[in-house]
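All remarks here apply to the structure that follows.
The values are calculated or read from the model by the stated rules, or taken from the named source; none is laboratory data. Being a predicted model, the structure only gives us computed values, none of them experimental. Note that we place each Cβ from the backbone using ideal geometry, even for glycine, and neighbour counts take in every protein chain shown. The area values use the complete protein model at the heavy-atom level, side chains included, leaving out ligands, DNA and RNA. Shrake-Rupley method; radii C 1.70, N 1.55, O 1.52, S 1.80 Å.
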Amino acid sequence: SEPVSIAGRAQPETAQTAQPGQLYLVIMAAPGQFLMRNTQGAFLPWNGDPAALVPARSLPALAGQEPLDVFSGVLGVEGEFQIFLGYSASDRVLHFTPTPLTIQLIVDSDRDGIADVQDLCPATPPRSPADGTGCSLGQR
């Protein structure tokens, strides 16, 4: 698997910039299965209760745009993931992205453009063009 780098950005309202704040990151890995990232970078199960949500980062002052690394490294999993970013300022009100960022991750071990789960020829030679089934001309 190849390393990936996924990042997002929270955009606090102008009235809340320069206030102390916290950034939040929640990922829906499957319907009803939520993970939150803590300040150490670990992903922990989250039950959906705002009172149980922990921040991914605390800031002495919110800026107009706050970058947040979602993940860097080798995932080794595939599927569809929805990423929610949020923040709170000194008023402690949670503000989350109304529409999550949705990403689709696939594992393609032979790098032919066909996900391993759909690849009929999982060992396509490097730089060989593959058809929609993941097979090169010599593998058909």
If you keep only loop residues by DSSP, which trypsin sites (Lys or Arg not before Pro) in the range 1-107 have at most 10 other Cβ atoms within 10 Å of their Cβ? 92
How much accessible surface does residue 71 have with a 1.4 Å probe, in Å² rounded to 10? 60
Report ³J(HN,Hα) in whole Hz for each residue of the range 65-71, in order, from the Karplus equation J = 6.51 cos²θ - 1.76 cosθ + 1.60 where θ = phi - 60°; Gly and Pro get x. 9, 10, x, 9, 6, 7, 7
Solvent exposure of the range 94-140 as accessible area per residue, Å², 1.4 Å probe: 69
Tally up the carbon and sulfur contribution to the accessible surface of the range 6-116 as a whole percent, 1.4 Å probe, everything protein left in place. 56
Ignoring ligands and nucleic acids, residue 106 exposes an accessible area, probe 1.4 Å, in Å² to the nearest 10, of 100
Once phi is turned into ³J(HN,Hα) by the Karplus curve 6.51 cos²θ - 1.76 cosθ + 1.60 with θ = phi - 60°, what whole-Hz value does each residue of the range 89-99 show in order, with x for glycine and proline? 10, 5, 7, 6, 7, 7, 10, 10, 4, x, 10
Potential lengthening between residue 109 and residue 17 on full extension [0.36 nm per residue; Cα-Cα distance subtracted]: 28.7 nm
Can you list the HN-Hα couplings for the range 6-21, worked out from phi with the Karplus curve (6.51, -1.76, 1.60; θ = phi - 60°), rounded to whole Hz and with x for Gly and Pro? 10, 9, x, 8, 8, 10, x, 5, 3, 5, 9, 6, 6, 8, x, x
Tell me whether the range 22-77 comes out rounded, prolate or oblate; compute the Cα gyration tensor, take square roots of the eigenvalues as a ≥ b ≥ c, and use a/c under 1.5 as the rounded threshold. oblate
At a 1.4 Å probe radius, which order do 124, 102, 17 fall into by accessible area, largest first? 102, 17, 124
Take the Cα of residue 96, step 7 Å along the line toward its Cβ, and report every residue of the range 49-71 whose backbone nitrogen sits under 12 Å from that point. 49-54
Stokes-Einstein D for the range 8-110 (4 °C, 1.567 mPa s, Kirkwood Rh from Cα pairs), in µm²/s, comes to 90
Would you please give the FRET efficiency between residue 38 and residue 78, computed as 1/(1 + (r/R0)^6) with r the Cβ-Cβ distance and R0 = 35 Å, to the nearest 0.05? 0.90
Relative to the present Cα-Cα distance, how much length would full extension add between residue 61 and residue 133 at 0.36 nm per residue of separation? 20.7 nm
Which cross-chain or sequence-distant (5 or more) residues have an amide H under 5 Å from the amide H of residue 24, H modelled 1.01 Å from N in plane? 56, 86, 87
Roughly how many whole Å is it from the C-alpha centroid of the range 74-140 to that of the range 42-72? 23
Taking a cut-off of 14 Å, what percent of all Cα-Cα pairs in the range 73-138 are separated by more than that? 67
If ligands, DNA and RNA are left out, what is the accessible area of residue 49 with a 1.4 Å probe, given in Å² to the nearest 10? 70
